[in-house]
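Peer 1: For reference, the structure I am asking about is given below.
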Amino acid sequence: MIPSLALISLMMLLLGAWLFRHTWGARPWEVQATGQLPSRQAPPEATPARVGLGVILAMVTSLFALTVSAYLMRLGMAGETPSLRLPGVLWANTLLLMTASVAWQCAWGAARCGQPGRLRRSLAWAGGLSLTFLAGQGLAWWQLTAGGITLQASPVGAYFYLLTLLHALHLLGGLVAWWRAWRRLGRGGDIASGVELAALYWHFLLLVWGVLFMLLLMT
């Protein structure tokens, strides 16, 4: 268990640093004196879309931080070690989300290189793996409910449902962007910018899930 947590922690740290560089680490003020954002001179981090995404991710981070803080405060008030055995399917779900994030990164690379065939395959994998992840989360909820862990019966279980449901809802929102990109690709439109933002968003959701999963394992 400890080696697994250490590995996940290292991966989440590296992913977090990479995300910071591509979103919150943007420098939109480093532009030419004309106030324009020429795509070739300006650094890729300085696009308005990335800055906007960084603002959205900051808001979502605040939401999860508040929820996690409430969870930890609830554990402190309880004064006892919570007894919640996490379903084993969560490990498989974590692997699914990691693979989906890799698929999004491949789609991003294909969009930049102008490879529509590879882009279509990568998007298909990204969407399919993400939907499978959501199905796996539903299975985990069903297993806990069948085991008597309900919202009323277990405060710790209630926070598990809340944290995982919040994450699933944000993933569903990302799937809306995935569907729009898929349809636009079918019409032959340019989706490079949309795929880039969606890939960054998926990497962020993977980072959030890694933190939540480690928190649940440790508490």
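None of the figures in this text is laboratory data; all of them are computed from the coordinates on show. Just so it is clear, the model here is predicted, and its values are computed rather than measured. With ideal geometry, Cβ positions are generated from the backbone for all residues, glycine too; neighbour counts draw on all protein chains shown.
Peer 1: Taking Rh as the Kirkwood radius computed over C-alpha pairs, what is the Stokes-Einstein D of the stretch 117-160 at 10 °C in a medium of viscosity 1.306 mPa s, expressed in µm² per second?
Peer 2: Values: Rh = 12.2 Å.
Taking Rh from Cα pairs, D becomes 130 µm²/s.
Peer 1: For the stretch 59-138, just run the numbers: alpha carbon Rg, then divide by 2.2 N^0.38 Å, N being how many residues it has. Mind dumping the intermediate values first?
Peer 2: Details: Rg = 18.1 Å, N = 80, 2.2 N^0.38 = 11.6 Å.
For the stretch 59-138, the normalised Cα radius of gyration comes out at 1.56.
Peer 1: Determine the gain in length on full extension of the stretch Leu172-Ser193; use 0.36 nm per residue of separation and subtract their C-alpha separation, reporting nm with one decimal. Please list the in-between numbers first.
Peer 2: Working: separation 21, 0.36 × 21 = 7.56 nm, distance 1.98 nm.
Extending this stretch completely gives an extra 5.6 nm.
Peer 1: Given points 7 Å out from each Cα along the Cα-Cβ axis, report the Ala153 to Ala135 separation in nanometres with one decimal.
Peer 2: 2.7
Peer 1: Over the Cα atoms of the stretch 84-192, Rg to Rh with Kirkwood Rh, two decimal places?
Peer 2: Working: Rg = 16.9 Å, Rh = 15.2 Å.
Taking Rg over the Kirkwood Rh, I get 1.11.
Peer 1: Over the stretch 86-219, what is the relative contact order in whole percent, taking alpha-carbon pairs under 8 Å and six or more residues apart? Walk me through the intermediate numbers first.
Peer 2: Values: 111 pairs, mean separation 42.6, N = 134.
Over the stretch 86-219, the number comes to 32 percent.
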